[in-house]
Amino acid sequence: MPSIHADRGLDATLTELIRRSGLGDEHAFTRFFELVFPIVFAVVLRILRDPSEAEDVTLEVFVQMWSQARRFDRSRASVSTWLQMIARSRATDRIRARHRESRFGGSLVLDPVDLPANSDTPEAAYRRSELAMILRGAIRRLPRDQRQLIEIAYFEGRSHTEMARALKQPLGTVKTRIRRAMANLRAAVDPER
């Protein structure tokens, strides 16, 4: 993302928008989204090489950014580095899901606890386990239509377009329901919001 690195004014603006987003300022996050969506999408598209899938993953990246905005630490990484890390991680996860699906001849349901950890400490393992339990409970409490879409999207690795086709629903409806489901899950994981 050379354009962010090269423009210190933009980096400062994005840093402030992330700080405000971490405090729950949705307007700041919307502005952040508008400024960096094309850059994040380009990174994800370069990895996935499928525009529809890249759009889905880019939205996942922004959901993760919103949920982690409060923890962003400018002293540890620039906004550009943080964005690239999340975008590449999500895109790589999608590629791995594709490979698992093709290798096993179908969908493979993953338990969040089985995913690779960022840290091998017992505390990190406990937090992942606790988070997985919270997420499983939150998914069970979602309305049926939202739960179905989340399970298809994240456990089967399907794109929004594939789900709309399979369920014979408009693409906009699928995307709206997934956004609502993600908001419900985010609230379950971070009740302070």
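Multiplying the residue separation of Q169 and T81 by 0.36 nm and removing their Cα-Cα distance gives an extension gain of 28.0 nm. Highest average first, the peptides 60-67, 35-42 ordered by how many other beta carbon atoms sit within 10 Å of their residues are 60-67, 35-42.
Between I95 and L23, the modelled label-to-label distance comes to 3.9 nm, taking each label 7 Å out from Cα in the direction of the beta carbon. Using a simple spin-label model with pseudo-atoms 7 Å out from Cα toward Cβ, Q64 and E151 lie 2.5 nm apart. For a paramagnetic label modelled on F37 (point 7 Å from Cα along Cα→Cβ), amide N atoms under 17 Å away belong, within region 44-59, to 44-45, 51-59.
Peptides 159-170, 12-23, ordered by how many other C-beta atoms sit within 10 Å of their residues on average, highest first, read 12-23, 159-170. In plain terms, the chain from T176 to R8 could stretch by 57.0 nm, reckoned as 0.36 nm per residue minus the Cα-Cα distance.
Per-residue 3J(HN,Hα) values for region 147-153, derived from phi via the Karplus relation 6.51 cos²θ - 1.76 cosθ + 1.60 with θ = phi - 60°, read 4, 4, 5, 4, 4, 5, 5 Hz in sequence order (x marks Gly and Pro).
Read the figures in this text as sums done on the coordinates, not as results from a lab. Keep in mind it's a predicted model, so treat the numbers as computed, not measured. So basically every Cβ, Gly included, is an ideal-geometry build from the backbone, and we count neighbours across all protein chains shown.
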